[in-house]
Amino acid sequence: MKKTQIPLIDLNLEREMYEAEVMQTLTRVIKKAHYIMGEEVRSFEVEFAQYIDAKHAISVGNGTDALVIALEALGIGCGDEVITTPFTFFSTAESIALVGATPVFVDVELDSFNMDPSLLEEKITAKTKAILVVHLFGQPAEMDEISAVAKKNSLFVIEDACQAVDSEYKSKRMGTFGDIACFSFFPTKNLGCFGDGGMIVTNSDKLAVLCKALRNHGSGINGEQAYEILHCMDTQGALVESCESTLFGTQKYYNYIIGHNSRLDEIQAAVLRIKLRYLDVETQSRREHAETFNKALTGSAYKTPSESANTKHCYHMYILQHEERDAIVEHLKNSGIATGIYYPIPLHLQKAFEDLEYKYGDFPNAEYLAKRTFAVPIYPKLTEEQMQYITGMLLKY
Ligand SMILES: *Cc1c(COP(=O)(O)O)cnc(C)c1O
């Protein structure tokens with residue numbers, strides 16, 4: 001008898017699902033021999049903006065670049081502080097450090113895994129410029145309370161929605177609650193492409209222009225407009241006369257600001273246009289799987305994930321908690337069930353951030369969760385039998 005093997009995420013199954021449609025589309029895309037910033041990218045940006053219900057969507061090379069560019073567009077850099085969570089993927093705080101600013105961590109709530117809004121105000125200093133909120137595992141953060149603190153203290157809000165495509169807070173998709181939001185299409189995300197990809201979403205015309213300029217070497221028409229915004233506008237937004245002579249052209253090799261080479265390519269955009277059409281159905285499957293697991297594990301020693309009131313959780317990951325996490329992960333591995341540990345080291349204890357001088361004990365909730373949480377498979381095509389096998393093995397421990 002073949003031994004059961006259930007991967008955490010079955011990328012092969014996904015490939016099979018989309019292969020025929022993707023291959024057809026790729027033939028069409030490749031025939032055009034236009035690989036960068038073409039029709040597929042433009043169409044996907046329009047479709048993704050509509051999907052999120054945001055005014056602008058600006059595609060970039062990956063989710064980390066989306067965060068870096070969003071921070072730069074907001075003018076955040078050296079000497080600034082950005083408040084964020086220590087219980088997230090490294091990129092969240094890495095992006096803050098990459099622009100020269102300082103990540104300031106705030107502890108998380110035990111139920112939602114997200115930043116605790118009631119702890120935000122005590123972290124605000126004269127240097128604080130923004131709150132970078134993460135919707136971890138697909139669970140939306142408490143946006144009403146976070147936005148209220150931001151508004152009261154004139155701070156920007158950036159959403160790291162890299163795990164929350166198709167999650168909702170009060171019936172609105174994540175990505176429109178902050179000034180700007182970032183998404184990742186890394187292959188294992190719930191909307192993943194066949195390589196790296198990312199997206200920035202905003203309702204601000206000004207931020208959209210800056211992001212478009214920043215992703216492409218600050219050149220061309222977007223570069224010129226970005227330069228105008230940064231250097232040639234008075235406080236009312238009117239063009240200052242003396243500046244016009246410095247605007248020297250909108251062609252390709254005329255660069256206005258220092259930017260990046262961070263673009264989504266046509267092939268990935270084509271893949272994402274196909275997969276976006278199936279995302280609703282996939283999220284529905286994930287949510288049904290979560291319900292199946294929740295029911296089967298009721299009354300057991302496993303703490304199942306909670307879904308806050310007024311939210312729709314996309315279950316990018318299904319996270320369980322148990323005192324004996326490491327032994328259970330080993331037991332599941334021996335039973336052919338893959339798991340994931342997200343995240344074993346809270347960011348304030350990462351070597352890379354040792355200069356920030358945090359210590360063990362600073363964020364008890366994040367530290368507690370880092371020892372207890374693990375993800376079990378919840379990908380859309382998981383079968384009833386596989387789910388029964390997983391819950392059976394969990395309960396057998
Ligand atoms: C994946 C992820 C990122 C980074 O996205 P990449 O595309 O891998 O650069 C940032 N933040 C969170 C919360 C993520 O899950």
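The values are calculated or read from the model by the stated rules, or taken from the named source; none is laboratory data. Here the structure is a predicted model, which is why all the values come from computation and not from measurement. Virtual Cβ from ideal backbone geometry, glycine too; neighbours counted across all protein chains shown. Calculation scope for accessible area: heavy atoms of the full protein, side chains included, ligands and nucleic acids excluded. Shrake-Rupley method; radii C 1.70, N 1.55, O 1.52, S 1.80 Å.
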- Message: Suppose the filter is more than 13 Å from the ligand (Cβ to nearest atom), under 18 Å from Phe156 (Cβ atoms) and free of Cβ contacts under 8 Å to residues at least 24 places away in the same chain; does Gly100 pass it?
- Response: yes
- Among the candidates Tyr360, Tyr368, Tyr343, single out the residue that is under 30 Å from Glu288 (Cα atoms) and more than 22 Å from the chain's Cα centre (by Cα). Tyr368
- How many residues are open to solvent by 100 Å² or more (accessible area, probe 1.4 Å) and more than 25 Å from Val68 (Cβ to Cβ) when one looks only at the stretch 226-244? 4
- Task: Would you check if Lys189 is open to solvent by 10 Å² or more (accessible area, probe 1.4 Å), more than 16 Å from the ligand (Cβ to nearest atom) and either touching a strand residue (DSSP E or B) at 6+ places or on another chain (Cβ under 7 Å) or of a type in the set (Lys, Arg) (or both)?
- Result: no
- Note on the structure: Restricted to the stretch 23-48 and to residues being outside any helix (DSSP H, G or I) and over 28 Å from Leu230 (Cα atoms), the residue farthest from the ligand (Cβ to nearest atom) is Ala33
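Only residues that are hydrophobic (A, V, I, L, M, F, W, C), more than 12 Å from the ligand (Cβ to nearest atom) and open to solvent by less than 30 Å² (accessible area, probe 1.4 Å): list them for the stretch 67-97, please. If you could, list the steps in order and put the result at the bottom.
Narrowing the stretch 67-97 to residues hydrophobic (A, V, I, L, M, F, W, C): 67-71, 73-74, 76, 78, 82-83, 87, 89-90, 93, 96-97.
From what is left, the residues that are more than 12 Å from the ligand (Cβ to nearest atom) are 71, 73-74, 76, 78, 82-83, 97.
Within the stretch 67-97, Leu71, Ala73, Leu74, Ile76, Val82, Ile83 meet the criteria.
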- Note on the structure: Counting only residues that are within 15 Å of the ligand (Cβ to nearest atom) and in a helix (DSSP H, G or I), the stretch 49-66 contains a total of 4
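Applying the selection to the stretch 161-183, what residues are open to solvent by 10 Å² or more (accessible area, probe 1.4 Å) and within 10 Å of the ligand (Cβ to nearest atom)? Full working, then the answer.
Our first condition is that a residue be open to solvent by 10 Å² or more (accessible area, probe 1.4 Å); within the stretch 161-183, this holds for 162-163, 168, 170-173, 176-179.
Result: Cys162, Gln163.
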- Task: Check off (1) more than 27 Å from Lys172 (Cα to Cα); (2) out of contact with any Leu (no Cβ under 6 Å at 6 or more places or on another chain) for Val99 and give me the number that stays unchecked.
- Result: (2)
- Might you let me know whether the stretch 245-254 holds any residue that is modelled with pLDDT of 95 or more and open to solvent by less than 20 Å² (accessible area, probe 1.4 Å)? no
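Return yes when Ala148 is surrounded by 23 or more Cβ atoms within 10 Å (Cβ to Cβ) and either more than 20 Å from Glu282 (Cβ to Cβ) or not aromatic (Phe, Trp, Tyr) (or both) and no when it is not. First the steps, then the outcome.
Details: surrounded by 23 or more Cβ atoms within 10 Å (Cβ to Cβ): no; either more than 20 Å from Glu282 (Cβ to Cβ) or not aromatic (Phe, Trp, Tyr) (or both): yes.
Judged against the criteria, Ala148 is not a match.
Among the candidates Ser154, Ser147, single out the residue that is free of Cβ contacts under 8 Å to residues at least 60 places away in the same chain and assigned to a helix (DSSP H, G or I). Explain how you work it out, then say what you get.
Numbers: Ser154 fails: assigned to a helix (DSSP H, G or I).
From the options Ser154, Ser147, the qualifying one is Ser147.
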- Message: With the requirement that a residue be crowded, with 16+ Cβ neighbours inside 10 Å, among the charged types (D, E, K, R) and in a loop (DSSP other than H, G, I, E, B), what does the stretch 293-351 give you?
- Response: Glu307
